[in-house]
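Working notes, beginning with the structure itself.
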Amino acid sequence: MRLAETVTFGGSGLNRAAELRSDAAAQAGLLGRGQVLPVWRGKPLMQADALGWVGSDSVVLHHAGAPVFLGLDGDVPCFAADISDWMPEAGADAVQAGFIDTSEQHHPALPESFAFAELRAVMLRLTPRDAELATIAKAVLQWHRSHGFCAVCGAKSVSAMAGWQRSCQTCGAQHFPRTDPVVIMLVIHGNRALLGRSPGWPEGMYSCLAGFVEPGETVEAAVRREVWEEAGIRLGAVRYLASQPWPFPASLMLGCAGEALGDAITLDPNEIEHALWVSREDMVSVMAGTHPMIKPARKGAIAHFLIQNWLADRLD
Ligand SMILES: [Zn+2]
């Protein structure tokens with residue numbers, strides 16, 4: 001797909017400078033002259049519509065974990081650090097439960113224009129470079145939080161390689177950040193595309209079917225299996241279109257298209273609450289937000305991107 005990399009989080013060609021990760025002396029120098037993105041409980045610091053950076057000596061980083069080297073933005077070394085142990089004055093209870101947390105937290109040491117914000121709530125306002133930096137920061141820091149112990153022997157592990165590895169000093173095992181592949185597919189039958197909704201989604205919201213790739217499975221096989229399991233539909237041709245890093249918490253979305261061999265839907269109620277075929281004409285009003293029943297996939301998500309490009313005949 002020619003437009004593949006224009007998807008939100010589609011990358012900006014950041015120089016990750018991986019060759020500098022193993023050089024502790026170089027890392028100290030880079031950190032000293034670089035900038036650090038504080039991340040609080042998965043929410044990056046924002047300053048208006050851009051990422052909010054602080055110096056490595058900022059009091060905001062007082063309780064921060066080991067910094068992660070994100071790469072070089074031009075000449076500027078960029079790091080991220082987890083400050084989840086910080087307690088905002090408004091209290092963590094300001095964080096909203098639900099599909100997307102739209103609350104923002106302010107740090108007393110920073111001007112009022114700085115705030116911690118949920119990445120999905122601000123993703124459309126970010127430049128591709130900021131989006132890539134925020135994606136790495138959120139994904140890698142979350143991995144450190146959830147992988148503090150060695151998966152081989154159970155001992156506590158430590159951050160290594162500028163945050164791109166965890167090492168177990170008891171058994172010597174090395175662990176690397178996880179990325180979980182998820183297939184998400186635009187299933188097409190003639191003039192119509194298949195949309196479904198999971199239990200618990202906002203009322204009326206529908207999207208493409210999706211599911212995790214299982215061990216021993218190709219991308220195409222995962223697409224066929226998920227569509228069969230969730231909707232009881234067999235697919236003919238399946239093709240890969242575009243991918244999207246989706247750090248909620250660690251997915252890589254693999255956007256595909258599949259040709260349905262029939263249109264009879266048999267739902268798996270454990271996975272899908274409802275599914276239906278939507279014609280091109282109806283999909284135009286869904287995407288415009290004027291359809292009486294169906295609300296579209298969130299703008300910025302790859303499902304929205306695939307559907308929009310299907311409507312515009314730009315899947316090739
Ligand atoms: Zn171990």
Calculate one ³J(HN,Hα) per residue across region 172-184 by plugging θ = phi - 60° into the Karplus curve 6.51 cos²θ - 1.76 cosθ + 1.60, and present them in order as whole Hz with x for glycine and proline. x, 5, 10, 10, 10, x, 8, 10, 9, x, 10, 8, 9
For region 60-202, what relative contact order do you get, as a whole percent, if you take Cα pairs closer than 8 Å and at least 6 residues apart? 16
Using the Cα centre of region 178-316 as the reference point, and only Cβ charges (+1 on K/R, -1 on D/E), how large is the resulting charge dipole? Debye, rounded to the nearest 20. 380
Skipping prolines and chain starts, which residues have an amide H placed within reach, meaning under 5 Å, of the one on ASP73, given they are 5 or more residues away or on another chain? CYS78
Expressed as a rounded percentage, what relative contact order does region 186-316 have, with Cα pairs under 8 Å and six or more residues apart? 30
Projected onto the charge dipole of region 70-217 (+1 at Lys/Arg Cβ, -1 at Asp/Glu Cβ, origin at the Cα centre), which of ALA80, LEU195, VAL213 gives the Cα projection farthest towards the positive end? VAL213
What is region 1-107 by shape, rounded, prolate or oblate, if you read a ≥ b ≥ c off the alpha carbon gyration tensor as root eigenvalues and call it rounded for a/c under 1.5, prolate for a/b larger than b/c, and oblate otherwise? oblate
Furthest towards positive pole of dipole, ILE265, TRP228, HIS62, structure part the chain, Cβ charges: HIS62
Tell me, what ³J(HN,Hα) does each residue in region 72-85 have, in order and in whole Hz, if you take phi through Karplus 6.51 cos²θ - 1.76 cosθ + 1.60 with θ = phi - 60° and put x for Gly and Pro? 10, 9, x, 9, 8, x, 10, 10, 10, 9, 8, 10, 4, 6
Restricting to region 160-316, compute how many DSSP beta bridges are antiparallel as a %, nearest 5. 70
Would you grab the residues whose amide H sits under 5 Å from the one on ALA297? Only those 5+ places off in sequence or on another chain, please, with H modelled 1.01 Å from N. TYR206
Once amide hydrogens are built 1.01 Å from N within the peptide plane, the residues lying 5 or more places from LEU45 or on another chain with amide H under 5 Å from its amide H are TRP40, GLY52
Looking at the chain, send over the antiparallel percent of its DSSP beta bridges, to the nearest 5. 75
Pop out the ³J(HN,Hα) list for region 209-224 in order, Karplus 6.51 cos²θ - 1.76 cosθ + 1.60 with θ = phi - 60°, rounded to Hz; leave Gly and Pro as x. 5, 7, x, 5, 6, 8, x, x, 10, 7, 4, 5, 5, 5, 4, 4
Under the definition of Cα pairs under 8 Å and six or more residues apart, what whole-number percent is the relative contact order of the chain? 17
Residue-normalised accessible area of region 259-311, given per residue in Å² at a 1.4 Å probe: 52
Positive-end residue, the chain charge dipole about Cα centroid, Cβ charges, pick of ALA242, SER113, LEU51: ALA242
Nearest 10 degrees, 0 to 90: what angle lies between the long axis of helix 24-33 and the longest principal axis of the chain (Cα atoms)? 90
Which value, in debye to the nearest 20, describes the size of the charge dipole of the chain about its Cα centre when Lys and Arg Cβ atoms bear +1, Asp and Glu Cβ atoms bear -1, and nothing else is charged? 360
Sorted peptide list for 298-311, 227-240, criterion being average Cβ within 10 angstrom, highest first: 298-311, 227-240
Cβ-isolated cysteines (cut-off 4.7 Å), the chain: CYS78, CYS208, CYS256
In units of 2.2 N^0.38 Å, what is the alpha-carbon radius of gyration of the chain? 1.09
Shape of region 169-316 from its Cα gyration tensor (a ≥ b ≥ c, root eigenvalues): rounded if a/c is under 1.5, otherwise prolate when a/b > b/c, or oblate? prolate
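The values are calculated or read from the model by the stated rules, or taken from the named source; none is laboratory data. Not measured: the values here are computed from a predicted model. In this analysis, Cβ positions are derived from the backbone assuming ideal geometry, glycine residues included, and neighbour counts consider all displayed protein chains. Quick note on the areas: whole protein, heavy atoms, side chains included, nothing else; ligands and nucleic acids left out. Shrake-Rupley method; radii C 1.70, N 1.55, O 1.52, S 1.80 Å.
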